[in-house]
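J.: The structure under discussion is supplied below as structure tokens; questions concerning it will follow.
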Amino acid sequence: MYVQPSPVVELNRAVAVAMRDGADAGLALIEGILAPGDLASYHLAHAARADLCRRLGKTAEARASYQAALRLARQ
């Protein structure tokens, strides 16, 4: 099975890495994916970032990402 590379595929990979290697590793990948702006309007990218920030105790960052995810999901 071949999966076409895309930012969403990379996001899914980052979540899998977080499950395997820890929240720090996954968060680093997600931040790299969000940086170019390809997924800036994708609510699930922000939700994934929020969850990893929450797991790491980064409460303010988690809150901001949850708020972004909610805002984008309502659009």
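J.: Inside the stretch 1-11, can you point out the residues that are farther than 23 Å from GLN67 by Cβ and either surrounded by fewer than 16 Cβ atoms within 10 Å (Cβ to Cβ) or more than 12 Å from the chain's Cα centre (by Cα) (or both)?
T.: MET1, TYR2, VAL3, GLN4, PRO5, SER6, VAL9
J.: Cβ contacts < 7 Å: first residue free of Cβ contacts under 8 Å to residues at least 40 places away in the same chain, restricted to the stretch 47-75; second residue part of a loop (DSSP other than H, G, I, E, B), any location; separation 6+ or different chain. Result?
T.: Once the first residue is free of Cβ contacts under 8 Å to residues at least 40 places away in the same chain and sits in the stretch 47-75, its partners that are part of a loop (DSSP other than H, G, I, E, B) give LEU72/SER41.
J.: For the list (1) closer than 20 Å to LEU70 by Cβ; (2) of a type outside the set (Asp, Glu); (3) within 9 Å of the chain's Cα centre (by Cα), I need the number of the one condition that GLY37 fails.
T.: (3)
Conditions (1) of a type in the set (D, E, K, R); (2) surrounded by fewer than 20 Cβ atoms within 10 Å (Cβ to Cβ); (3) more than 16 Å from SER6 (Cα to Cα), marked per residue:
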position: GLY26; (1), (2), (3): no, no, yes
position: GLU31; (1), (2), (3): yes, yes, no
position: SER41; (1), (2), (3): no, yes, no
position: ALA45; (1), (2), (3): no, no, no
position: ARG49; (1), (2), (3): yes, no, yes
position: LYS58; (1), (2), (3): yes, yes, yes
position: GLU61; (1), (2), (3): yes, yes, yes
position: SER65; (1), (2), (3): no, no, yes
position: LEU70; (1), (2), (3): no, yes, yes
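J.: May I ask you to list the residues in the stretch 15-63 that are modelled with pLDDT of 95 or more and acidic (Asp, Glu)?
T.: Residues satisfying the conditions are ASP21, ASP24, GLU31, ASP51, GLU61.
The values are calculated or read from the model by the stated rules, or taken from the named source; none is laboratory data. Bear in mind that the values here come from a model prediction, so they are computed numbers and not experimental data. Glycine gets a Cβ as well: all are built from the backbone with ideal geometry, and neighbour counts include every protein chain shown.
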